[in-house]
1. Please report 139, 59 as a ranked list, fewest other C-beta atoms within 10 angstrom at the top and most at the bottom.
2. Give me the Å³ per residue figure for the convex hull around the C-alpha atoms of the stretch 56-177.
3. Just to check, using Stokes-Einstein with a Kirkwood Rh over alpha carbon pairs, what's the diffusion coefficient of the stretch 122-275 at 10 °C and 1.306 mPa s in µm²/s?
4. Contact order normalised by length for the stretch 143-283, with contacts defined as Cα pairs under 8 Å and 6 or more residues apart; what percent is it?
5. Could you tell me the extents of the stretch 211-284's C-alpha atoms along the three principal axes, largest first, rounded to whole Å?
6. How far is helix 270-283 tilted, in degrees, relative to the longest principal axis of the Cα atoms in the chain, given as a value from 0 to 90 rounded to the nearest 10?
7. By counting other Cβ atoms within 10 Å of each Cβ, how are 176, 194 ranked from fewest to most?
8. How long are the semi-axes of the equivalent ellipsoid of the chain, taking √(5λ) for every eigenvalue λ of the Cα gyration tensor, in whole Å from largest down?
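Read-outs: derived from the displayed coordinates by stated rules, not from any lab. As the structure is a prediction and not an experimental result, all values here were calculated from the model. Reconstructed Cβ throughout: ideal geometry from the backbone, glycine too, with neighbour counts over all protein chains shown.
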């Protein structure tokens with residue numbers, strides 16, 4: 001059967017679960033203007049996918065109620081609605097949800113819509129993602145791996161990180177990002193001089209990339225920068241990513257193998273604090 005193997009009890013299927021039904025039980029009127037609606041700022045992501053579950057992620061531009069639909073068809077003909085989750089400044093308006101009790105080796109489509117918590121009638125355009133659960137029996141598995149995103153000053157030029165679109169064309173079961181997911185310890189310039197002349201121009205920039213990350217918001221900006229690339233967003237929308245932690249998430253070779261005493265940002269007391277902030281941004 002092409003159905004989600006989930007019990008009805010696991011889901012909230014009434015419109016009240018979406019926060020769009022008034023006390024009378026009648027649907028509230030929809031009349032918000034487009035520029036008053038909340039928006040999803042950095043696409044969608046999925047990860048931690050196994051044979052029966054998978055994590056999905058998104059971020060809104062304000063405190064919002066994120067409403068979920070899950071389906072095994074791209075048309076969402078058999079969609080199941082889940083109870084909503086709220087975003088808040090505490091997690092920088094990000095939200096994650098573990099989808100459970102899924103069928104193995106099955107395409108899972110998820111759709112999210114956001115309602116402004118200060119005006120529940122202001123509803124965003126929907127955003128959609130997909131992943132495939134792991135097989136329960138033997139079959140070939142296709143995956144891609146890489147690492148070291150936007151390091152050594154190489155950011156997003158006019159072409160963007162096209163390698164991510166190339167990976168997406170191969171429709172892998174998952175993508176393994178094998179460390180240095182960000183370069184928090186290296187400030188990025190608007191231009192980089194190329195050997196033999198010419199310049200690499202980072203046409204997309206964000207304040208948090210122009211300096212070494214120290215504050216929580218600066219670590220968050222490191223992640224936001226990667227997700228400002230259209231190719232990164234395209235891969236994330238169709239393929240789960242497994243992220244591994246390495247050194248540049250905090251500071252290059254942040255172990256006893258490197259002397260950091262010449263940089264007053266990195267001391268015996270400060271590194272654990274920076275690592276905690278980096279870890280929080282990583283998990284958000």
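1. Working: 139 9, 59 25.
Placing the least packed residue first, the sequence is 139, 59.
2. Numbers: hull volume 19.6 nm³, N = 122.
Expressed per residue, the convex hull around the Cα atoms of the stretch 56-177 is 160 Å³.
3. Numbers: Rh = 17.5 Å.
For the chosen part, D equals 91 µm²/s.
4. Working: 225 pairs, mean separation 43.0, N = 141.
The normalised contact order for the stretch 143-283 reaches 31 percent.
5. Principal axes ranked by extent give 43, 23, 17 Å for the Cα atoms.
6. Roughly 30 degrees between the two axes.
7. Numbers: 176 16, 194 9.
Fewest to most other Cβ atoms nearby, the residues stand as 194, 176.
8. On the way: eigenvalues 257, 109, 69 Å².
Semi-axes from the Cα gyration tensor: 36, 23, 19 Å.
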